[in-house]
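Written below as structure tokens is the structure these notes are about.
The values are calculated or read from the model by the stated rules, or taken from the named source; none is laboratory data. A quick note: this is a predicted structure, and the numbers were derived from the prediction, not measured. Virtual Cβ from ideal backbone geometry, glycine too; neighbours counted across all protein chains shown.
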Amino acid sequence: MAQDFVEPTGEEVDKLCSRLDKDARQGGYNLNPDADFVKGLVKGLLINERRYGYRSCPCRLAFGDKSEDLDVICPCDYRDADVTEFGACYCALYVSKAALLGKQELSSIPERRLPLEEREKLRQKQKASAEALGFDIAKVALKLSVPVWRCTVCGYLCAREGPPEVCPICKVGKERFERFI
């Protein structure tokens with residue numbers, strides 16, 4: 001069922017572009033130098049935020065379930081690997097320094113995200129492998145005074161009672177953290 005929503009204004013797009021650029025530079029990342037291209041992507045992020053309640057990548061199909069789409073909420077979990085390997089993330093919002101300086105030519109980027117059915121099979125396989133190895137995360141966790149949390153976007157680790165509200169490295173929210181140990 002389609003929802004009615006108001007298109008983002010130019011002011012809203014510019015405001016988010018500025019914030020994303022600031023956050024990217026502070027975290028050691030670079031936005032694509034093509035301002036019009038970036039504005040188009042940012043408009044898509046804002047549309048998806050209105051549609052789903054979160055900023056899923058405008059270049060991917062969202063499931064419409066935040067828990068299943070956490071991996072593609074911008075910045076997505078695949079950004080760093082794509083930028084490292086291909087010079088840009090899947091939607092090309094973020095680019096490598098070499099690409100920014102024109103020293104690396106960008107090309108198409110393959111989709112890393114597995115379909116929902118394959119992701120569930122992988123989860124089950126990982127769980128079975130851990131059990132087969134006799135690995136019991138609960139026993140390991142008991143030896144720690146506090147749990148260890150991992151940012152699924154940048155890999156930042158912190159040991160504390162709960163994840164930080166915002167990742168100090170890539171600026172994503174706490175819902176993008178998973179319990180590591």
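Figures for the structure shown
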quantity	calculated
Verdict on Ala132 being free of Cβ contacts under 8 Å to residues at least 24 places away in the same chain, surrounded by 12 or more Cβ atoms within 10 Å (Cβ to Cβ) and among the aliphatic types (A, V, I, L, M)	no
Selected residue (only one of Ala35, Ala62, Ala81 is at pLDDT 95 or above, small (Gly, Ala, Ser) and not assigned by TED's automatic domain parsing to the domain that holds Ile169)	Ala35
Test result for Ala141, surrounded by 11 or more Cβ atoms within 10 Å (Cβ to Cβ) and at pLDDT below 85	yes
Complete set of residues in segment 39-54 that are surrounded by fewer than 19 Cβ atoms within 10 Å (Cβ to Cβ) and part of a helix (DSSP H, G or I)	Lys39, Gly40, Ile47, Glu49, Arg50, Arg51, Tyr52
